Structure formats: C-alpha cells, structure tokens
Amino acid sequence: MKKIIQELNPYIPEKPLQQLQEELGLEKIVRLSANENPYGTSPKVKEAILNWNYDLSNRYPDSSAQELRNLVAEKFSLDPSQIVFGVGLDEVIVMLSRVFLQPGDEELVSVPTFSEYALHAEIEEAVIKEVATKENGQIDFSALLKNITAKTKLVWLCNPNNPTGTYETVSSIEEFVKQVPKETMVLVDEAYIDFVTEENPTTAMNLTKKYPNIVVMRTFSKAYGLANFRVGYAVFSNQIAGEVQKVRLPYNVSSIAQTAAIAAFKDQSFVDEVVAKNAIERAKYEELFQKLGLKFYHSQANFIFFKADSAQELAQVLLKNGYLIRTGLRPSWLRLSIGTPDDNLKIQKIITDFLVS
Ligand SMILES: *Cc1c(COP(=O)(O)O)cnc(C)c1O
C-alpha cells in the first residue's frame, strides 16, 4: 500500500439522518451541517425521474452527457467541449489532482477552506502550502502570489469560500490570474456562486476563454438541490479540457443523474426563488449576530460561519432541539446552513436564549 494512504486522515462524511435520529432518540433532525438545499429541488425533477425510461437500465449512460453539456454551454456561452462532467464536484477535484500533481509538486490553498483540495493533493503526494485569508475572510491574493514557486502546480480559490462564505469579484480573480505563471493552474470552485446577490456578473467562467490556466467548477448539489444525484462539472480552456477527459471514467454520470440535472437546469425559476429566499434569511442571521455581538464573516453563500463562546455547547443545544450544524472547522466557530424561514426563526430563538441566559 502507498505509505501516504496509511497516514491519511480521511474526509468524514455525514451520517445518514435516520441513523443519527435513532442514536439521539429524536423524532426529527434538520441537517444544517452540509449546506444542502432546504427547499428540496425543482418539482420538474420528480416528473423527469418518474418519466425516465427504465428500459435503459441495462445500457451504459451517454458518456459525453450531450444534452446536459449543450444546455450548460448555451447558458454560459461556452464551447461544449470546454466542459468535463464529474460525479459531483468532488470527483472533479479528484480528476484535477490526478492530472496536475506529481509527488513533490506544490499546491497552494487559501485557508480556511474546503478540506478536499488538500486531501487529494496529499494522495498525489504533493506538498500543501497554506496561506491564511485576510482578517475579513477574503482571499489574500498578494500573499498567494508571493508563495507561488516554480513547483506550484495548483492554486485553489473557493468562491464564495466554504466555510467563510465570503465572495471575490471576477475582476479581482482576473487580476490575480494575470500575475500567475502560465504553468500554474488557478482553480475556482464556484459550488456556491448561485447564492451571490451582491455582484453581477458573478462567474469567472468566461475567463477560461482568455487564460488557459484557469478552471471554473460548478455543482448541482447546492442551489439546484440535487446532492443525492452527484453531478458537477468543470469548465476549462479548450487546450486543457481534452487532456482532463482522458482521466475521467467513461460512464461516470448515470443517465438518471443526467436526466435529473437536465430537468433542474431547465427550471431556473426554482433556483432564482431559492436564491432570493436564502438572501432574505441570510440577512436575518447577520442582523441577529450583530445584535448579539457575535463575530461572523459576511456571507454570500447559503451558510454562515460565526464565533460563539461555548460553541460546542451551543451546537449540542441545537442538536437536542433537532438542528444539526457543523462544528470542528475552527475552535469556537460554527458553520450553519441557512434553513427554511420557519427553522431559522426557531434556531435564532435558541441561539438568543443560549447566549442571553
Ligand atoms: C459541497 C461542496 C462541493 C462538493 O459538491 P458535490 O458536487 O456535491 O461533490 C465542492 N466544493 C465545495 C466548496 C463544497 O462546499
């Protein structure tokens, strides 16, 4: 076995809700620890799944996901061949690490951020260099630039960043890419970009036509509410996309997942509604945290990262009341996915009572 695998700390996935409910003896748990969509998915998805041709079960899926590819390409004015699909954005992270990293190469990450970037770099036996975000949670682009060496193959930018929720403008990303050596790939994870309401346009996708060393990633798991179907993708410059296709497993995205993603993608009004509701609810949390004097990062995502004394205790109190939130990302800090208005109201009361009592 590779030595690195024996030493590796794996990603710890969420427990099945049913199991957790039984363990805790609760009738209901609302999971607000994984940034899932509390409003479900588009009703059009259910219709499409029920109409899916079951007789295709013994046939391999369309390897190129042609219909979904064309829809995405059209919406974002891309060449369809720029897109590579994955079993969630997670698999795209694996593919990129596999393609670009050799043992001893360096990868730069702005921290705190999504742990999978470093995990897969470790598996490829690359060296991970961490650069702290600025005080306000924003990416410190000039510190990243200073840390790029001839060995740096990948720089990860999560935008908006998980867990801080902070957003970087397209122009600041372009300004950064311009100064990065051509041999260093800049990877922009836009898992939460749909939730940004402060800026328009928000995506860095079009930079892929100008700079061969930028990659932009998306997922259907968050704003589209399709976490269970596992569909994500990356947009590359035309030069790079074909190379990455070589490592993709030929039938990675099932037909039923493609069908679900197509239906969800066509129903942009569902996404628009989710985004609007999320923005209203997110503002209420910021208002509350301000009132309570809690430290938090200004979020443009569907979660908020905040600091509380006795954070573990607060998380336990929330859990006893049926709300599971994310602990363990940073001492005294908690990440809470924005829920439905009804749940948020209850959570805000629990937090207030906990802190004021
Ligand atoms: C949720 C998440 C992903 C993973 O998305 P999937 O498509 O469900 O694999 C990727 N990046 C970030 C930052 C995330 O939070």
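Scanning region 74-83 finds one or more residues that are open to solvent by less than 20 Å² (accessible area, probe 1.4 Å) and under 19 Å from the mean Cα position of the chain (by Cα). When residue 13 is tested against (1) in contact (Cβ under 8 Å) with a residue 60 or more places away in the chain; (2) outside any helix (DSSP H, G or I); (3) within 16 Å of the ligand (Cβ to nearest atom), exactly one condition is not met: (1). Of the residues that sit in region 292-327 and are under 21 Å from residue 37 (Cα atoms) and among the aliphatic types (A, V, I, L, M), which one is surrounded by the fewest Cβ atoms within 10 Å (Cβ to Cβ)? So the residue we want is 319. Taking the conditions exactly as written (under 20 Å from the mean Cα position of the chain (by Cα), within 16 Å of the ligand (Cβ to nearest atom), open to solvent by 30 Å² or more (accessible area, probe 1.4 Å) and not small (Gly, Ala, Ser)), does residue 133 satisfy them or not? When the stated conditions are applied, residue 133 does not pass them. Of the residues contained in region 50-66, none is found to be touching a residue at least 60 places away in the same chain (Cβ under 8 Å), over 22 Å from residue 252 (Cα atoms) and not in a loop (DSSP other than H, G, I, E, B).
Against the test of being surrounded by fewer than 23 Cβ atoms within 10 Å (Cβ to Cβ) and within 13 Å of the ligand (Cβ to nearest atom), the options 228, 206, 238 yield a single qualifying residue, 228. Determine whether residue 42 is away from the ligand (no atom under 14 Å from the Cβ), hydroxyl-bearing (Ser, Thr, Tyr), in contact (Cβ under 8 Å) with a residue 40 or more places away in the chain and under 30 Å from residue 347 (Cβ atoms). Considered against the rule, which asks whether it is away from the ligand (no atom under 14 Å from the Cβ), hydroxyl-bearing (Ser, Thr, Tyr), in contact (Cβ under 8 Å) with a residue 40 or more places away in the chain and under 30 Å from residue 347 (Cβ atoms), residue 42 comes out as yes. Restricting attention to region 182-192, the residues that are within 11 Å of the ligand (Cβ to nearest atom) and touching a residue at least 60 places away in the same chain (Cβ under 8 Å) total 4. Scanning region 114-127 for residues that are open to solvent by 40 Å² or more (accessible area, probe 1.4 Å) and either within 16 Å of the ligand (Cβ to nearest atom) or outside the structural domain of residue 241 (by TED's automatic domain parsing) (or both) yields 114, 115. Here residue 195 fulfils each of the conditions (1) more than 16 Å from residue 72 (Cβ to Cβ); (2) in contact (Cβ under 8 Å) with a residue 40 or more places away in the chain; (3) surrounded by fewer than 20 Cβ atoms within 10 Å (Cβ to Cβ) apart from (3).
For residue 24, the criteria (1) in contact with a Lys or Arg (Cβ under 9 Å, 6 or more places away or on another chain); (2) within 16 Å of the ligand (Cβ to nearest atom) hold in every case but one, which is (2).
Tallying residues that are away from the ligand (no atom under 16 Å from the Cβ) and among the polar types (S, T, N, Q) within region 139-172 yields 7. Does any residue of region 71-89 turn out to be within 16 Å of residue 236 (Cα to Cα), among the aromatic types (Phe, Trp, Tyr) and within 16 Å of the ligand (Cβ to nearest atom)? Yes - at least one qualifying residue is present in region 71-89.
Can you tell me which of (1) closer than 21 Å to residue 302 by Cα; (2) surrounded by 10 or more Cβ atoms within 10 Å (Cβ to Cβ) is the one residue 13 doesn't meet? Of (1) closer than 21 Å to residue 302 by Cα; (2) surrounded by 10 or more Cβ atoms within 10 Å (Cβ to Cβ), only one is false for residue 13: (2).
Looking at residue 111, is it open to solvent by 30 Å² or more (accessible area, probe 1.4 Å), within 16 Å of the chain's Cα centre (by Cα) and within 16 Å of the ligand (Cβ to nearest atom)? Yes; evaluated as a whole, the condition is true for this residue.
The values are calculated or read from the model by the stated rules, or taken from the named source; none is laboratory data. A quick note: this is a predicted structure, and the numbers were derived from the prediction, not measured. Don't worry about glycine lacking a Cβ; one is built from the backbone with ideal geometry, like all the others, and counts go over all protein chains shown. With ligands, DNA and RNA removed, areas are computed over all heavy atoms of the protein, side chains included. Shrake-Rupley method; radii C 1.70, N 1.55, O 1.52, S 1.80 Å.
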